[in-house]
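Undergrad: Okay, here's the structure, questions in a sec.
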Amino acid sequence: MSVDQATVKRIAHLARIAVRDEEIGVLQGELNAILAFVETLGEVDVEGVEPMTSVMPMPMKKRKDIVTEGNIADLITQNAPGTEDHFFVVPKVIE
Amino acid sequence: MTDLTDLTLAEARDALARKDFSAVDLAKAHVGAVAAARALNCFITETPEQALAQAAASDARLAKGEGGPLEGIPLGIKDLYCTKDVQTTAASHILEGFTPPYESTVSANLWRDGAVMLGKLNLDEFAMGSSNETSYFGPVISPWRRAGDPTPLVPGGSSGGSAAAVAAKLCFGATATDTGGSIRQPAAFTGTVGIKPTYGRCSRWGIVAFASSLDQAGPIARNVRDAAILLRSMAGHDPKDTTSVDVPVPDYEAAVGGSLKGKKIGIPREYRIDGISAEIDGLWQQGIAWLKDAGAEIVEITLPHTKYALAAYYIVAPAEASSNLARYDGVRYGLRVPGKDIADMYEQTRAAGFGKEVRRRIMIGTYVLSAGYYDAYYVRAQKIRTLIKRDFETVFHDGIDAILTPATPSAAFGIGEKGSADPIEMYLNDIFTVTVNMAGLPGIAVPAGLSSQGLPLGLQLIGRPFDEETLFTVGAAIEAAAPKVELPKRWW
């Protein structure tokens, strides 16, 4: 399988990465090189094989549903580019 | 007195316990070495004040006889590990200036045991690369050079800063991470020892995530014993990482020097890839002979799905990366580039913040997870992963204790020599290492000789799950049999 330029633009948008028009062709070539490289997987018989979901099989660990580290809003927001009263500030979403 | 930076970690530890010198003396020697090696670009952030303060605290504990297993030992930390109040970048513009208010579990374990931090080490951006050339903060220059040739060489990647700093004697050891070979390949390129432990052996908590089902922390050090000492401190169960496994951490150092009598070493025929260089194959044959001489039984084995591992990896790893890196959106931390609305802000921030290799992998990952392609690519790759793991389970079930392979398909290459036209050319560096991550197994790279151009070459050992001890035993046997790889003399 290979991707066309419209697909490259669609993937970029899905990935939320702005791509300039002049970069589309280069990206298309790179993505198609990788897709051609992984083509070989098509020849493996995977009939009846379970996909790996856990690297080291073990029972799911659980913990009590309680606050472990609370009251650290200062720390949580200290690296944000924009904050106000412990809220993250973003451009207006609703007109 | 010899230069304190020439000691091994174990020698320094024992000398500190004997009070031959102080932890502050040792820290000063290393802080000086780090400052004198800026031409290598190993560190993104140096923390000399912290190193000296920690060393002074170590001296106080040593004086009271309360020293920990790593008391006063200066280390470098890969800049993928979050360190409290010290900038953590993942070598990406998008995280530049990020100062975590918390400490990763593995680095916290090292400080618990008395280690001293010299600074944060350079790496490929988000650990995506095999040469340390994708770092936003510039490439790391290897302390190694080809004989009679000053061409700057790569130290390998992604833990290139870690490997170069250890090889240049800027620190006794360094933390690293390995998703497809990022500990073992740079160790092999720099004549150092690097071990990726079993998936789940070390906590991933507080380490910037690349591909969560493949990432694992481990050390790079100057010899097998030092790597064993470091891993013992780094490893252990952590309730904050649900994939960290609650099994006891053995005294790995005790495994160094053990006998190989009765050990079965598998030689997988599928690793004899087309076009393997005579030099690499020769090294491999030499390694087989050393282990045989040391009393091991050599067994030809087959791992039939090996040739699909790298392709499956380049679906699974980008898929997980695209999901993990979705968090960098200019809202909670890191870079923000304004846009005309919130979606545009995300897109402009991520376009400016991610380098080309990271962007490429996010896009491939997004594609293979997108509607209509998920089953054909991602699910198929995860099924092939099951088959790769089953291959290993079969040979281990048949009594193999460890598997010997080359670590890399070549010695280190020059900066700018590979991958600029075709990304696959760079990806092929991981051909021998990536199967280990796909199966979650432990793997160690040990220096075994020099190339015709005078550059280090390494051998890899792959072990059973949670049997790192056998890797230290067999790795130490290779180290003992191989001609000593002398680290480069200072030219920087």
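The values are calculated or read from the model by the stated rules, or taken from the named source; none is laboratory data. Keep in mind that what you see is a predicted model, and the values were worked out from it rather than measured. Using ideal geometry, Cβ is built from the backbone for each residue, glycine included, and neighbour counts are taken over all protein chains shown.
Undergrad: Those residues that are of a type in the set (Phe, Trp, Tyr) and either touching a strand residue (DSSP E or B) at 6+ places or on another chain (Cβ under 7 Å) or not in a loop (DSSP other than H, G, I, E, B) (or both), I need them from segment B:186-218; list them, please.
TA: Listed by number, the residues that qualify are B:PHE189, B:TYR199.
Undergrad: Please pick out the residue among A:PRO51, A:PRO57 that is without any contact (Cβ under 8 Å) to a residue 12 or more places away in the chain, under 26 Å from B:ALA381 (Cα atoms), more than 8 Å from every other protein chain (Cβ to nearest Cβ) and not in a helix (DSSP H, G or I).
TA: One residue alone meets the criteria, A:PRO57.
Undergrad: May I pose another question? Just the residues that are part of a loop (DSSP other than H, G, I, E, B), touching a residue at least 40 places away in the same chain (Cβ under 8 Å) and either surrounded by 22 or more Cβ atoms within 10 Å (Cβ to Cβ) or at the interface with chain A (Cβ under 7 Å from one of its Cβ atoms) (or both), please, taken from segment B:331-356.
TA: Scanning segment B:331-356 gives B:TYR333, B:GLY334, B:PHE354.
Undergrad: Would you be able to tell me the number of residues in segment B:171-185 that are assigned to a loop (DSSP other than H, G, I, E, B) and either in contact with a Lys or Arg (Cβ under 6 Å, 6 or more places away or on another chain) or without any contact (Cβ under 8 Å) to a residue 24 or more places away in the chain (or both)?
TA: Summing the residues that are assigned to a loop (DSSP other than H, G, I, E, B) and either in contact with a Lys or Arg (Cβ under 6 Å, 6 or more places away or on another chain) or without any contact (Cβ under 8 Å) to a residue 24 or more places away in the chain (or both) in segment B:171-185 gives 1.
Undergrad: Looking for something under 25 Å from A:VAL26 (Cβ atoms), modelled with pLDDT of 95 or more and of a type in the set (S, T, N, Q) - is there at least one such residue anywhere in segment B:394-407?
TA: Checked segment B:394-407: no residue is under 25 Å from A:VAL26 (Cβ atoms), modelled with pLDDT of 95 or more and of a type in the set (S, T, N, Q).
Undergrad: Moving to a separate point now. Identify, by number, the condition in (1) among the basic types (Lys, Arg); (2) more than 9 Å from chain B (Cβ to nearest Cβ); (3) closer than 30 Å to B:ASP344 by Cα that A:LYS64 doesn't meet.
TA: It fails just one condition, (3).
Undergrad: Would you pick out the residues in segment B:107-124 that are out of contact with any His (no Cβ under 7 Å at 6 or more places or on another chain) and either within 14 Å of another protein chain (Cβ to nearest Cβ) or over 28 Å from B:GLY330 (Cβ atoms) (or both)?
TA: B:ALA108, B:ASN109, B:LEU110, B:TRP111, B:ARG112, B:ASP113, B:GLY114, B:ALA115, B:VAL116, B:MET117
Undergrad: For a quick check of your reading of the model, give me the residue pairs whose first member lies in segment B:465-492 and is farther than 23 Å from B:MET234 by Cα, whose second is of a type in the set (Gly, Ala, Ser) and surrounded by fewer than 23 Cβ atoms within 10 Å (Cβ to Cβ), with beta-carbon atoms closer than 7 Å and at least 6 apart or on different chains.
TA: Sorted first by the residue in segment B:465-492, then by its partner, the pairs are B:ALA477/B:ALA294; B:ALA481/B:ALA294; B:ALA482/B:GLY449; B:PRO483/B:GLY449; B:TRP492/B:ALA37; B:TRP492/B:ALA39.
Undergrad: Please state which of the following conditions A:GLN28 fails to meet, knowing it meets all the rest: (1) more than 7 Å from chain B (Cβ to nearest Cβ); (2) modelled with pLDDT under 95.
TA: Only one criterion is unmet by A:GLN28, namely (2).
Undergrad: Confirm whether B:ALA51 is away from every other protein chain (no Cβ under 14 Å), assigned to a helix (DSSP H, G or I), crowded, with 23+ Cβ neighbours inside 10 Å and of a type outside the set (Ser, Thr, Tyr).
TA: Yes: the conditions hold for B:ALA51.
Undergrad: Turning to a different aspect of this structure: If B:ARG38 satisfies all but one of (1) free of Cβ contacts under 8 Å to residues at least 40 places away in the same chain; (2) in contact with a Gly (Cβ under 7 Å, 6 or more places away or on another chain); (3) not aliphatic (A, V, I, L, M), what's the number of the condition it fails?
TA: Only one criterion in (1) free of Cβ contacts under 8 Å to residues at least 40 places away in the same chain; (2) in contact with a Gly (Cβ under 7 Å, 6 or more places away or on another chain); (3) not aliphatic (A, V, I, L, M) is unmet by B:ARG38, namely (2).
Undergrad: Does A:VAL46 satisfy the criteria of being in contact with a helix residue (DSSP H, G or I) (Cβ under 7 Å, 6 or more places away or on another chain) and surrounded by 15 or more Cβ atoms within 10 Å (Cβ to Cβ)?
TA: Yes.
So that you can scan it fast, the table gives a plain yes or no per residue for (1) among the hydroxyl-bearing types (Ser, Thr, Tyr); (2) surrounded by fewer than 16 Cβ atoms within 10 Å (Cβ to Cβ); (3) at negative phi; (4) touching an Asp or Glu at 6+ places or on another chain (Cβ under 9 Å):
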| position | (1), (2), (3), (4) |
| --- | --- |
| B:TYR377 | yes, no, yes, no |
| B:ARG380 | no, no, yes, no |
| B:THR386 | yes, no, yes, yes |
| B:ILE403 | no, no, yes, no |
| B:ALA421 | no, yes, yes, no |
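Undergrad: Any residue in segment A:51-61 that is of a type in the set (Lys, Arg), modelled with pLDDT under 95 and exposed (fewer than 10 other Cβ atoms within 10 Å of the Cβ)?
TA: no
Residues checked against (1) more than 14 Å from chain A (Cβ to nearest Cβ); (2) closer than 30 Å to A:PRO59 by Cα; (3) assigned to a helix (DSSP H, G or I); (4) under 16 Å from the mean Cα position of the chain (by Cα):
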residue: B:GLY236; (1), (2), (3), (4): yes, yes, no, no
residue: B:VAL247; (1), (2), (3), (4): no, yes, no, no
residue: B:SER259; (1), (2), (3), (4): yes, no, no, no
residue: B:GLY275; (1), (2), (3), (4): yes, no, no, no
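Undergrad: Show the residue pairs that are 6+ apart or on different chains and have beta-carbon atoms under 9 Å apart, the first residue being within segment B:420-448 and under 14 Å from B:ILE462 (Cβ atoms) and within 11 Å of chain A (Cβ to nearest Cβ), the second being part of a strand (DSSP E or B) and acidic (Asp, Glu).
TA: B:ASN437/B:ASP178
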